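Report on the following structure.
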Amino acid sequence: MAESMQGLKRSHRCAEVSKGNLGEQVTVMGWVQKTRNKGGLIFADLRDRSGLLQITFNSEKISEETFNQAYKLRSEFVIAVTGTVVEREGGVNPNLLTGEIEIAAETLRVLSEAETPPFPIEANSRTKEELRLKYRYLDLRRPDLQANIMLRSKVCMLVRTFLAEEGFLEIETPMLTKSTPEGARDYLVPSRVHPGSFYALPQSPQIFKQLLMCSGYDRYFQIARCFRDEDLRADRQPEFTQIDMELSFVDVDDVIDVNERLLAKIFREATGVEISLPIQRMTWQEAMDRFGSDKPDLRFGMELHNVTDVVKDSAFVVFKGAIEAGGSVRGINVKGQGGMPRKKIDALVEFAKGYGAKGLAYIAINEDGTYKSSFAKFMKPEEMDALATAMEGEPGDLLLFAADKNKLVYDVLGALRLELASQLELFDKDEYRFVWITEFPLLEWSEEQGRYLAMHHPFTMPMEEDLPYLETEPGRVRAKAYDIVLNGTELGGGSVRIHQDDVQERMFAALGFTKDAAYEQFGFLLNAFKYGVPPHAGLAYGLDRLIMLMAKENSIRDVIAFPKVKDASCLMSEAPNRVDEKQLEELAIAVMTAPDGQE
RNA sequence: GGCCCAGUGGCUCAGUUGGUUAGAGCGUCGCCCUGUCACGGCGAAGGUCGAGGGUUCGAGUCCCUUCUGGGUCGCCA
């Protein structure tokens with residue numbers, strides 16, 4: 001039976017009661033975690049988001065009616081207890097914040113009874129995620145998830161405080177906006193008033209924040225929801241949150257400076273982690289050459305070696321062919337793994353093939369200095385020695401080589417490096433290694449579309465010294481773009497934007513846009529730029545990823561209150577769902593699938 | 001769209017080469033217990049082995065299809 005709480009007022013959260021309250025009468029409310037019934041004495045652990053507090057119901061000290069009520073308490077009942085804070089008689093529980101005290105209950109109200117939950121409400125749950133997500137409101141009661149959600153709230157509060165002090169204004173931008181075909185797929189929202197026309201949910205507030213710069217709000221930020229209709233991953237959800245900012249009259253160093261101080265503050269105050277400033281910077285080219293990735297994990301070595309020059313005259317056709325086709329041969333040295341069984345090496349070869357490699361060449365250096373290799377028969381002994389030397393190979397090492405186009409070699413070795421580090425546990429899980437990656441290529445050649453695409457977006461400013469090559473050698477133009485990377489995860493990124501219309505026109509030309517096509521898509525931005533636009537630059541963080549790393553979780557689902565699963569549906573609400581014919585009619589939409597979802 | 005992993009009482013799992021009545025721990029329910037906190041004692045209930053089909057004298061186990069969830073490649077300016 002559920003009772004009213006009329007006349008009662010909660011005085012403390014459970015874990016807010018402390019030794020300082022000894023002798024006081026308090027009223028606490030929460031969920032029953034567990035009861036331990038000793039016959040004439042009942043213990044109940046009461047839980048809320050602050051933690052646990054032990055309540056005792058003593059048959060000799062309270063009314064028979066209250067005791068009988070306590071006898072019937074079950075897990076997850078919501079109760080209100082008034083009682084006195086006392087020291088524990090039976091010894092302290094060092095595992096509990098409130099382990100030295102307990103509440104000697106005087107009155108008890110059962111505010112709500114509860115069925116037995118489908119899985120245990122406890123930290124470190126081993127329950128299948130499918131079930132947890134179906135009953136997300138129960139999953140969210142678990143202490144580790146509550147800690148994550150509270151951490152997230154704290155970080156948002158710190159971000160707002162810091163940026164406000166730095167002169168930023170928090171401004172909202174529209175959720176119903178305009179679809180643009182560049183980039184990710186948009187989520188579309190039909191317009192009732194304009195049959196056949198659609199809004200798009202924003203992939204990011206990019207254009208609007210640039211317009212705010214045009215309007216003179218020289219420092220803007222927003223904790224903004226963004227939407228992308230692409231396939232999910234452990235660190236990708238169809239809707240996610242960005243800490244988005246834009247600044248006027250600044251260059252790269254200004255943006256980096258304010259963001260380093262922001263990161264230092266939130267890590268210090270939310271997690272106690274000190275970041276030493278300034279954060280290391282590395283160009284995109286260096287990151288690719290050394291780590292095969294534009295988001296390198298710097299917590300361990302195993303860097304790439306370019307051995308193209310060493311093997312360019314060898315008879316091994318795999319190496320030779322790749323080099324002649326304009327590619328390269330690079331390798332990583334897996335220290336001390338020369339004894340790796342053939343089966344495991346084969347598994348690594350398969351792993352590499354998953355990234356498009358045709359194979360993986362290897363040399364295991366035996367303890368006596370001899371080689372066990374997949375391609376030694378094609379090589380002269382002195383070539384093998386030179387290769388081992390170039391790789392800094394020592395007895396007991398395993399050398400792995402990829403030979404192909406540069407991009408593929410980077411991808412394969414970059415992924416292999418991470419895979420091996422994870423298998424061999426080469427990094428410290430408590431370490432936070434930040435790095436700024438700078439000087440990204442402005443453009444990326446798309447084989448599929450037969451034209452250059454913007455690596456970041458079409459408003460990214462080229463580096464001044466590379467501007468002359470925009471028409472002649474677009475591929476070598478670097479951008480004033482930067483990413484902040486933490487432990488191999490891209491936390492955020494941004495750029496200086498183009499504010500000169502001649503540069504913007506050249507950029508669109510490089511992308512193969514006609515002036516008309518550019519105006520069709522971004523006309524309101526280009527028009528705005530005619531009326532006085534300040535130089536500006538910005539950055540956006542993936543808030544979910546940031547919290548995931550701070551909370552040491554492996555998936556952003558564990559830091560989002562109500563996440564979606566792989567096919568972008570919600571197991572709890574069962575969204576998305578089919579809608580009434582009437583609703584569709586009103587929106588002038590015809591659906592091509594039958595009601596059961598079959599084509 | 002491709003590849004890989006998982007699905008067995010409420011939860012987490014075991015289940016041998018295909019062979020009797022599918023087991024365990026936790027939880028749940030009942031009785032007992034005044035210092036427990038992974039409480040304890042005694043007892044009990046609880047299963048279409050994700051679904052469908054096939055092979056077989058016989059399928060949780062082998063084969064095919066399919067559903068669900070996870071990881072990943074493609075994709076994500």
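FYI, it's all coordinate maths here, none of it is from the lab. Since this is a predicted model, take the numbers as computed values, not measurements. FYI the Cβ positions are ideal-geometry reconstructions off the backbone, even for glycines, and counts take in every protein chain you see.
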### Query
With the calculation restricted to Cα positions, what are the radius of gyration and Dmax of the range A:482-562 in angstrom?
18.1, 48
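Tell me the net charge near A:Asn366. Cut-off is 13 Å between Cβ atoms, A:Asn366 excluded, with +1 for each Lys or Arg and -1 for each Asp or Glu. List each step's numbers first, then the result.
On the way: positive: A:Lys372; negative: A:Glu367, A:Asp368, A:Glu394, A:Asp397.
Residues close to A:Asn366 contribute a combined charge of -3.
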### Task
Name the long-range amide H neighbours of A:Met461: under 5 Å, sequence gap of 5 or more, or other chain; modelled H, no Pro or chain starts.
A:Lys480, A:Val496, A:Arg497, A:Ile498
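With only Lys, Arg, Asp and Glu charged, each at its Cβ (+1 for the first two, -1 for the last two), find how big the charge dipole of the range A:81-159 is about the Cα centre; round to the nearest 20 debye. Write out the running numbers ahead of the final one.
On the way: 11 positive and 12 negative charges, 115 e Å.
In total the dipole reaches around 560 debye.
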### Query
Computed over the Cα atoms of the range A:136-288, what is the convex hull's projected area averaged over all directions, in nm²?
13.0
### Query
Taking θ as phi - 60°, what are the ³J(HN,Hα) couplings along the range A:186-195 by the Karplus curve (6.51, -1.76, 1.60), each to the nearest whole Hz, with x for Gly and Pro?
8, 7, 9, 10, x, 9, 6, 6, 10, x
### Message
Taking amide H atoms as placed 1.01 Å from N in the peptide plane, list the residues 5 or more away in sequence, or in a different chain, whose amide H sits under 5 Å from that of A:Ser179.
### Response
A:Ala200
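With contacts defined as alpha carbon pairs under 8 Å and 6 or more residues apart, what's the relative contact order of the range A:1-117 in percent? All intermediate terms of the calculation are to be shown ahead of the outcome.
Numbers: 267 pairs, mean separation 36.5, N = 117.
Contact order relative to length: 31 percent.
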### Message
Ranking request for peptides A:168-175, A:403-410: highest mean number of other beta-carbon atoms within 10 Å first, then the rest in descending order.
### Response
A:403-410, A:168-175
### Query
To the nearest 20 debye, what charge dipole does the range A:194-342 have about its Cα centre, counting +1 at the Cβ of each Lys and Arg and -1 at the Cβ of each Asp and Glu?
540
### Query
Can you pull out the GluC sites (Glu not before Pro) in the range A:259-312 that DSSP calls coil and that have at most 11 other Cβ atoms within 10 Å?
A:Glu274
### Message
Give me log10 I(q)/I(0) at q = 0.14, 0.25 Å⁻¹ for the range A:131-199, Debye formula, one equal scatterer per alpha-carbon, no solvent.
### Response
-0.86, -0.97
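So how many Å³ per residue does the convex hull of the Cα atoms of the range A:1-146 work out to?
Values: hull volume 17.0 nm³, N = 146.
Considering the Cα atoms of the range A:1-146, their hull volume per residue is 117 Å³.
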### Task
Output ³J(HN,Hα) for the range A:472-478: one whole-Hz value per residue in order, computed from phi by the Karplus curve 6.51 cos²θ - 1.76 cosθ + 1.60 with θ = phi - 60°, and x for Gly and Pro.
8, 9, x, x, 9, 6, 9
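How do the peptides A:550-563, A:17-30 rank, highest first, by the average count of neighbouring beta carbon atoms within 10 Å per residue? Could you put the intermediate results ahead of the total?
On the way: A:550-563: 18.4, A:17-30: 15.9.
Taking the mean over residues of other Cβ atoms within 10 Å, the ranking is A:550-563, A:17-30.
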### Alpha-carbon spread of the range A:83-124, three principal axes, descending order, Å
34, 31, 14
### For A:Gln33, distant residues with modelled amide H under 5 Å away
A:Asp45, A:Leu46, A:Arg47, A:Glu76
### Radius of gyration and Dmax over the Cα atoms of the range A:69-199, both given in Å
24.1, 73
### Task
With runs of 4+ DSSP H residues as the only contributors, calculate the mean residue ellipticity of chain A at 222 nm using -39,500 (n - 2.57) per run, divided by the residue total and rounded to the nearest 500.
-8500 deg cm²/dmol
### Query
What number, in percent, do you get for the relative contact order of chain A if the mean sequence gap of Cα pairs under 8 Å and at least 6 apart is divided by its residue count?
13
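Just need the Rg to Rh number for the range A:215-361, please, alpha carbons only, Kirkwood Rh. Could the numbers behind the result be given before it?
Working: Rg = 21.8 Å, Rh = 20.2 Å.
Radius of gyration relative to Kirkwood radius: 1.08.
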### Task
Assuming 0.692 mPa s and 37 °C, estimate D for the range A:108-149 with Stokes-Einstein, Rh taken as the Kirkwood radius over Cα pairs, in µm²/s.
292
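What does the charge count around A:Glu505 come to, taking other residues whose C-beta lies under 14 Å from its C-beta (Lys +1, Arg +1, Asp -1, Glu -1)?
On the way: positive: A:Arg506, A:Lys515, A:Lys530; negative: A:Glu471, A:Asp501, A:Asp502, A:Asp516.
Around A:Glu505, the surrounding residues sum to -1.
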### Summary
Eigenvalues of the alpha-carbon gyration tensor of the range A:406-451, times 5 and square-rooted, give semi-axes in Å, largest first, of 30, 17, 7
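If you place +1 on the Cβ of every Lys and Arg and -1 on the Cβ of every Asp and Glu, how big does the dipole about the Cα centre of chain A come out, in debye to the nearest 20?
Working: 72 positive and 94 negative charges, 289 e Å.
Approximately 1380 debye in magnitude.
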### Message
Could you work out the pair-distance distribution P(r) of the range A:331-380 from its alpha-carbon pairs, with 10 angstrom bin width and percents rounded to whole numbers?
### Response
23, 54, 22, 1
### Calculated from backbone phi, Karplus (6.51, -1.76, 1.60) coupling profile of the range A:548-558 in Hz, x at Gly/Pro
4, 6, 5, 8, 6, 9, 9, 9, 6, 4, 7
### Task
With only alpha-carbon atoms counted, please give the Rg and Dmax of the range A:77-149, in Å.
15.7, 43
### Task
Taking the convex hull of the Cα atoms, report for chain A its projected area averaged over all directions, in nm².
37.0
### Query
Relative contact order (percent) for the range A:326-434, with alpha-carbon contacts under 8 angstrom and 6 or more residues of separation?
40
### Square roots of 5 times each gyration tensor eigenvalue, C-alpha, the range A:461-599, largest first, Å
39, 27, 14
